[in-house]
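The structure appears below as structure tokens.
The values are calculated or read from the model by the stated rules, or taken from the named source; none is laboratory data. In this text the structure is predicted, and so the values were computed from the model without any measurement. With ideal geometry, Cβ positions are generated from the backbone for all residues, glycine too; neighbour counts draw on all protein chains shown. Surface accessibility is based on the protein's heavy atoms, side chains included, excluding ligands, DNA and RNA. Shrake-Rupley method; radii C 1.70, N 1.55, O 1.52, S 1.80 Å.
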Amino acid sequence: MSLLDHVRARAHAALEKLPGRVGDRLRGVNDKLGRPLADADELDDRRAFDARGKSPSPSPSPTASAKREQAPVIVYYMDKQKRDVGKLTDILDANGVTYTVTNIQEDPAAQYAVRRDSHGVRLPVVFVAGDCVGGRQELVNAASSGELKKKVFS
């Protein structure tokens, strides 16, 4: 324990002994300042935590970084097209894409926005990072050409 930590621990012990409102106020100030005055065990824990944070971390694997950098993928559908959603999700699963399936049956504003942004592509439709990929056939073409993975993982 360094000299500074020793002084901080002794000051904390003295702070804990202060009675009444003054002691309560000073302990509250110490808490609000991030507990610069703390007992020896807490200061040792902080030092160990800081030392662990400074050690070199292993480089992330390519699959972990790809999952971290994935663009949001959303499949929009209405109740009438629910049976076709499985075909789209199978394609996304086969390409390792995480996605969200959203029913827009009860949301007229979402229906309008999806129709507008998809330029009239028939539902169900897939969006990657806000851009319309299209329906099943467009998704199959994008997956087979590698365009789907480029859009999702770059």
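Side notes on the structure shown:
- Contact annotation: no residue pair with Cβ atoms under 6 Å, 6 or more positions apart or on different chains, pairs a residue in region 17-38 that is on the phi > 0 side of the Ramachandran plot and open to solvent by less than 80 Å² (accessible area, probe 1.4 Å) with a partner that is part of a loop (DSSP other than H, G, I, E, B) and of a type in the set (Phe, Trp, Tyr).
- Residue list for region 141-154, filter: out of contact with any strand residue (DSSP E or B) (no Cβ under 6 Å at 6 or more places or on another chain) and open to solvent by less than 60 Å² (accessible area, probe 1.4 Å): Ala143, Gly146, Leu148, Phe153
- Residue match in region 115-129 (condition: of a type outside the set (Asp, Glu) and in a helix (DSSP H, G or I)): yes
- Qualifying positions in region 67-117 - touching a residue at least 40 places away in the same chain (Cβ under 8 Å), of a type in the set (Gly, Ala, Ser) and open to solvent by less than 30 Å² (accessible area, probe 1.4 Å): Ala71
- Pairs with Cβ under 9 Å, 6+ apart, first in region 131-154 and farther than 18 Å from Ser118 by Cα and touching a residue at least 24 places away in the same chain (Cβ under 8 Å), second of a type in the set (Asp, Glu) and outside any helix (DSSP H, G or I): Phe153/Glu69; Ser154/Glu69
- Only one of Leu15, Leu92 that is under 30 Å from Lys151 (Cβ atoms), in a helix (DSSP H, G or I) and modelled with pLDDT of 85 or more: Leu92
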